[in-house]
1. Can you tell me which residue in the range 72-94 is nearest to the chain's Cα centre (by Cα), limited to those that are in contact (Cβ under 8 Å) with a residue 24 or more places away in the chain and surrounded by 15 or more Cβ atoms within 10 Å (Cβ to Cβ)?
2. State all residues of the range 179-207 that are at negative phi and in a loop (DSSP other than H, G, I, E, B); if no residue qualifies, say none.
3. Test each condition in (1) under 30 Å from the mean Cα position of the chain (by Cα); (2) assigned to a helix (DSSP H, G or I); (3) exposed (fewer than 10 other Cβ atoms within 10 Å of the Cβ) for residue 217 and report the one that comes out false.
4. What single numbered condition from (1) under 25 Å from residue 25 (Cβ atoms); (2) buried (at least 16 other Cβ atoms within 10 Å of the Cβ) fails to hold for residue 141?
5. Of the residues that make up the range 233-250, is at least one surrounded by fewer than 16 Cβ atoms within 10 Å (Cβ to Cβ), closer than 27 Å to residue 77 by Cα and modelled with pLDDT under 95?
């Protein structure tokens with residue numbers, strides 16, 4: 001659900017990207033950098049709707065343009081899921097590189113992606129949220145206060161529905177208030193490690209590295225949800241035995257794949 005501090009959802013009249021204006025003036029599209037012009041949007045709305053309806057047919061019928069040779073980029077890549085990854089890369093202009101990566105993904109998969117740019121994983125993750133859909137958004141340390149301080153702590157990656165109310169109970173509602181919070185108070189409430197870590201989230205700090213090493217689970221498990229609670233001891237024993245055997249098969253298959 002959109003937050004009031006995100007502002008109004010806009011549609012770029014240049015590239016068609018939808019984005020929230022974050023109450024900024026002037027309003028600039030995070031995807032193509034075009035300044036939002038309501039008058040231009042009104043002037044072109046009728047013609048754009050016709051293009052939008054015909055666009056798929058035009059794209060399918062058009063001959064593919066010759067592709068420019070792709071330049072190899074050295075980067076540490078951490079796969080975070082089937083649709084998400086972190087890249088640690090040194091670039092003179094990160095935005096140009098991001099748009100090149102975006103175009104490569106589009107050419108190879110015919111799917112758009114959103115790219116967030118930051119000085120660390122936390123900033124890049126949040127930036128990708130601001131850039132959706134199919135945009136490129138920059139959230140670096142020098143832009144952190146302007147972009148994040150007015151938002152609630154629940155907008156931070158790592159603070160969920162359980163932690164945010166606890167922070168609010170301490171009088172901490174916004175990211176700015178969290179950034180300026182007393183670490184000793186946070187440590188007393190959340191623990192000596194989690195408390196200071198929460199304050200660092202408020203300032204946009206994140207020292208966790210991007211690693212290309214495959215994720216190694218710390219444990220394995222099996223579970224099953226029943227429509228009704230099982231109370232009979234024999235039935236419980238039978239179900240636990242079944243889950244244990246399934247888990248043993250999982251572990252056996254994994255060992256065989258590795259060796």
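1. Top of the filtered list is 86.
2. Passing the criteria: 180, 181, 182, 192, 193, 203, 205, 206, 207.
3. Exception for residue 217: condition (2).
4. All conditions are met except number (2).
5. no
The values are calculated or read from the model by the stated rules, or taken from the named source; none is laboratory data. For clarity, every value in this text was computed on a predicted model and none was experimentally measured. Please note: Cβ atoms are built from the backbone with ideal geometry, for glycine as well, and neighbour counts cover all protein chains shown.
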